[in-house]
1. Test of understanding: ordering ILE105, ILE170 by Cβ neighbours within 10 Å, fewest first, what list do you get?
2. Just to check I understand the Karplus step: with θ = phi - 60° and J = 6.51 cos²θ - 1.76 cosθ + 1.60, what whole-Hz values come out for region 211-222, glycine and proline as x?
3. For HIS325, HIS242, HIS352, HIS217, which order do you get if you count the other beta carbons within 10 Å of each Cβ and list the fewest first?
4. Take the alpha carbon atoms of region 230-265, find their center, do the same for region 168-207, and report the distance between the two centers in whole angstrom.
5. At q = 0.14 Å⁻¹, what log₁₀ I(q)/I(0) does region 157-276 have when each alpha carbon counts as one equal point scatterer in the Debye sum?
6. Measure off 7 Å from each Cα along the Cα-to-Cβ vector at HIS79 and THR371, then give the distance between these two points in nanometres to one decimal.
7. Out of residues 5 or more away from VAL360 or on other chains, whose amide H comes under 5 Å of its own, with H placed 1.01 Å from N in the peptide plane?
8. Name the shape class, rounded, prolate or oblate, that the alpha-carbon gyration tensor gives for region 105-151, where a ≥ b ≥ c are the square roots of its eigenvalues, rounded holds for a/c under 1.5, and otherwise prolate holds if a/b is larger than b/c and oblate otherwise.
Amino acid sequence: MTVFQHVKDAIGAEDLALGDSGSTFSRETHTGGAISISYIDAEVIPSTTLGGYIGDNLHEQNTDTGTTEDTFEINSDGHGATLDTTGLTADRVFTFPNTSDQELIGATDLASVASGLGASLVGIEDSSELITGTDVETALTEIAQTVSDMTHPQGYKYGFELGYSTTTAIVIEAGMWSLWTTSEALVYTNLITTFTLGSGGSNSSSENLDAGAQELHYIYIDDSAVISKAGALITAVEFRNHTEVPTYNRTRKAWMNTSNDRCIGAVLIDASNHVLDFEVFGGHYYQYATPIEEFAIAACGATYSAVDVSSCVPKFATRIRILAHGHGTTTFCFDTSSTSATPEAHYVVSGHSQTFDIPVSTSQVFYLKGTTSVSVALYVVGYYIDEL
């Protein structure tokens, strides 16, 4: 029997009543007056079932609209969440998102560099539709790639001009060129480099000068050698010579061969397997020390005849300088096509030698005719280097 039951038995049932202890009931005294007596809270009854039942029926809803505490914790007996107002300088309102899949994001998550947080949580406005990403993280990735491309421009070149050294070697001026192949590198030299041609020279992968006939050898940056070196500062070992003709690669903006090597120029080898003496002027005009005969003394007809100069003019050149030895007066007409009604260049030759620049086709062929048939000999003096 509980203490309250003893008290109730002692003073009489009519003196005790269960209810809200904040309320009272009136009880007549022995003198005929009345007194207010407080109810006994139902929750003090030591019976979980009965106390709970009474509490459920007698409890009044708490109408508090806030707390004066600086913090308020939810789930205080576990991994809770605490609302902390410390540091606020004014009242703040936090509105819960009205969607089923949106989380509340705080400053810590926004400042995080972890995957899925930070910049990936912040959207961007791109009304010009210049960026495909929809948040700051993906936009930064796109911009970083653009900057990378700008700092490593495809096709970039400066320097690496060729110069004659000996019958088996050339010199390569200091420079920097974009290789942009499997090694994706801007390679450079700081000094004039002497490069010896042939497999026994600077690079064993070079082609030997043993053809025994006039032919062009193209000078390349050796991509495989650059990868093996694993560095941007290159030496003579990272260049090589080969008769393989380069083609223009529009993706890499450069003249390349099938081995991902970038062409930087060409030299002419004679029948004695010697490099013919040459000089480059201003980085664009390549001149042979001795003109190369390409059209022996013969009659210049009144209709176009083809003159193929690909044996001494490299693939990347489409304008050449020729020397004409004329015998008699005529007007020479030059064109890149035999069917053109209007010549692309014409010069009057009157019984003496003179030089002039003419265009050639992408196959290094030009077409020649004269207004009158006279004997003439034509020599290639040099060529203009197109963009490499």
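1. ILE105, ILE170
2. The phi angles translate into 6, x, 8, 4, 7, 8, 10, 8, 9, 10, 7, 7 Hz.
3. Working: HIS325 17, HIS242 20, HIS352 10, HIS217 25.
Lowest count first: HIS352, HIS325, HIS242, HIS217.
4. 9 Å
5. At q = 0.14 Å⁻¹ the computed log10 ratios are -0.52.
6. Rounded to a tenth, the inter-label distance reads 9.7 nm.
7. The list, which skips near neighbours in sequence, is ARG319, ILE320.
8. Numbers: a/c = 3.50, a/b = 1.60, b/c = 2.19.
Here region 105-151 falls in the oblate category.
Laboratory data are not the source of any read-out in this text; all were calculated from the coordinates shown. Everything quoted here is computed from the prediction, not taken from an experiment. Every residue, glycine as well, gets a Cβ built from its backbone with ideal geometry; the counts of neighbours run over all protein chains shown.
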